[in-house]
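See structure below.
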Amino acid sequence: MKKRRSHRFLALTLASIFGPSMPVNADIAVAGQWVLLGDVAPVSGSAASRQIAAAPLPGQRMPLSSEFIEAQAAAAGFPIDLPDGQMIWVTKSASAVPTSTTPPAPQQKVPPRHVAREGEVPVLVTDVRRGDEITSDMITYEPMEDGRRIQGLIRSASVLADTEARRTIRAGEPLSLRDIQPLSILKKGDLVQLIYERGPIKLVVNAKALNNAAKGETVRLQNLQSNRSMDAIAWAPGEARINTPYLSQEG
């Protein structure tokens, strides 16, 4: 009896995050990086090419509600009427991903342009704005002014790997740890796949990032199907994951 209550609570909790349960139709397979309106709705012309959601990962499936599809069609000038409460499932074949026999070469983010001599510190060769990624072609070494003291002074360009500017930084300025922050893998306004996975259960919905977040940081997301907002963990570019504590409890 305790197990039955646990399963019912899990179902109610998932419904509050991902939306209510809906009837399932045959899957619709897509090959590109986006789900187009014409893939899931009877529209034609330029409206059929309208991008409405990021495609699921290869070999996975993703639900789109009939209400969400109707709203997208209406915005494209094609009002349609789908059965209320219907869930359209979209899949992406693993074979749809182009393969390459040559693996991409690893990219070193910020190697120093030359070996620093005594008294030199890394500086930028160009101005950067807040939120800009600091890349290797922006870095060089220059002598530090005698007698100048900077709290948290950065003395090695390796510290700048996978970082972005926390404020506007002018070219030639010595850099402080207060000037940088971990590189955001999700930016405010990005379209994100929100994933919940536990054992055999895996749910994926489309969401929009409401703030910037580095890998492992908390990101606030808006579910594009239910318009609910929730917190998740920034996992990878275009991907966040959710696993709330009460969903991982047993019993």
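Every number in this text was worked out from the coordinates using simple rules, so none of it is lab data. Just so it is clear, the model here is predicted, and its values are computed rather than measured. FYI the Cβ positions are ideal-geometry reconstructions off the backbone, even for glycines, and counts take in every protein chain you see.
Structure notes:
- Output for the range 117-154, where each listed residue is farther than 12 Å from Ile169 by Cβ and of a type in the set (S, T, N, Q): Thr135, Ser136, Thr140, Gln151
- In the range 145-201, residue nearest to Ile242 (Cα to Cα) [restricted to those that are among the β-branched types (Val, Ile, Thr) and touching a Pro at 6+ places or on another chain (Cβ under 7 Å)]: Ile185
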